[in-house]
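Participant: Please see the structure below; I have some questions.
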Amino acid sequence: MAESRATGPSVAFAGVSKTYPGGTVAVDDVTVEIAPGSFVALVGSSGSGKSTLLKTVNRLIAPTAGSVSIGDEDVGAVLPHELRRRIGYVFQNVGLFPHMNVAENIAIGLRLAGVKDRAARVTELLDLVDLPRDVASRMPDALSGGQRQRVGVARALATAPGLMLMDEPFGALDPVTRDQLGTAIRALHDRLGLTTLMVTHDMAEALILADRVLVMSAGHIVADATSAELLAGNGGPEADALVAVPRAQAAKLYALGAGA
């Protein structure tokens, strides 16, 4: 794996809305552009629309109105299976195939793309995500949760995408593993020059990992700011409420450490 690559593509949402049968509005007229090579976190409470918006990028969800573009190309103009080969996708429950070993899981995208020599690429990817090469022959149920998620990241990177989508990727992990994997993902983003969009409900995680944080509420983006701006209270009331949680936790820990 090369140490760096050309910067990942931009992603643009233009008037994107998603209304489900029955009238539930999940995303409401969102227009925002993600700069090439940036790491952007989408945060908000459950039901805010963040995962729905993310999934319009790889067409797992089709918007009711508006359009999504990667670079200069409307994702609706690309066949879904071709589009998804260009995009890395990592989600909370990993979704490894239980009847396939680690190497087969990592290489599934390569196999579908018709790549013949997959073994060398699998080894390269295991090295990239800091997994021992001998896990290639193991089955998913023989791995820890953190190891399975690293396999999921390796699988997402197998076809060398410039764009990575992550939907609550660390939600099922213990705090120590979650922190380690978050740090590793950010390092991979920088090393490979990716554009990364990550959905998380954890504001502290978003503040630490992302260059830019988009706060969603009721299907709208209600704040769009850097971590420093949000911590300074410049994100508005919804953002302030989310930032208040890690801020209060930090204050309590400081008080405990000081013997208060």
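The values are calculated or read from the model by the stated rules, or taken from the named source; none is laboratory data. Note that the coordinates shown come from a computational prediction; the quantities given were computed from them, not determined experimentally. No Cβ is skipped: glycine too gets one built from the backbone with ideal geometry, and neighbour counts run over all protein chains shown. Side chains are part of the model used for accessible areas, which takes the heavy atoms of the whole protein and leaves out ligands, DNA and RNA. Shrake-Rupley method; radii C 1.70, N 1.55, O 1.52, S 1.80 Å.
Participant: Over the chain, what relative contact order in percent results from Cα pairs under 8 Å that are six or more residues apart?
Facilitator: Working: 488 pairs, mean separation 69.3, N = 260.
This gives 27 percent for the chain.
Participant: I've got another one for you. Quick check: at a probe of 1.4 Å, how many percent of the accessible area of the chain sits on carbon and sulfur atoms?
Facilitator: Roughly 55 percent of what the probe reaches on the chain is carbon or sulfur.
Participant: For residue 252, give me every one of the aspartates and glutamates with a C-alpha distance below 19 angstrom, ignoring sequence neighbours fewer than eight places off in its own chain.
Facilitator: Here the aspartates and glutamates satisfying the reach criterion relative to residue 252 are 202, 205, 240.
Participant: Among 196, 87, 16, whose Cα projects farthest towards the positive end of the dipole of the chain, with charges put on the beta-carbon of Lys, Arg (+1) and Asp, Glu (-1)?
Facilitator: 87
Participant: Looking only at Cα atoms, what is the convex hull volume of the chain per residue, in Å³?
Facilitator: 149
Participant: Residue 64 accessible area, nearest 10 Å², 1.4 Å probe?
Facilitator: 80
Participant: Within 15 Å, Cβ to Cβ, of residue 185, how many net charges do the neighbouring residues add up to if Lys/Arg are +1 and Asp/Glu are -1? Write out the running numbers ahead of the final one.
Facilitator: Working: positive: 148, 150, 155, 178, 186, 191; negative: 130, 167, 168, 179, 190, 202, 205, 211.
Local net charge: -2.
Participant: Continuing with this model, one more query. Tell me the volume per residue, in Å³, of the convex hull enclosing the alpha carbons of the stretch 80-210.
Facilitator: Working: hull volume 13.5 nm³, N = 131.
About 103 Å³ per residue, rounded to a whole number.
Participant: Out of the GluC sites (Glu not before Pro) in the stretch 51-133, which ones are loop residues according to DSSP with at most 15 other C-beta atoms within 10 Å?
Facilitator: Working: sites: 73, 82, 104, 124; in loops: none.
Counting only loop positions with at most 15 other Cβ atoms within 10 Å, none of the GluC sites (Glu not before Pro) in the stretch 51-133 qualifies.
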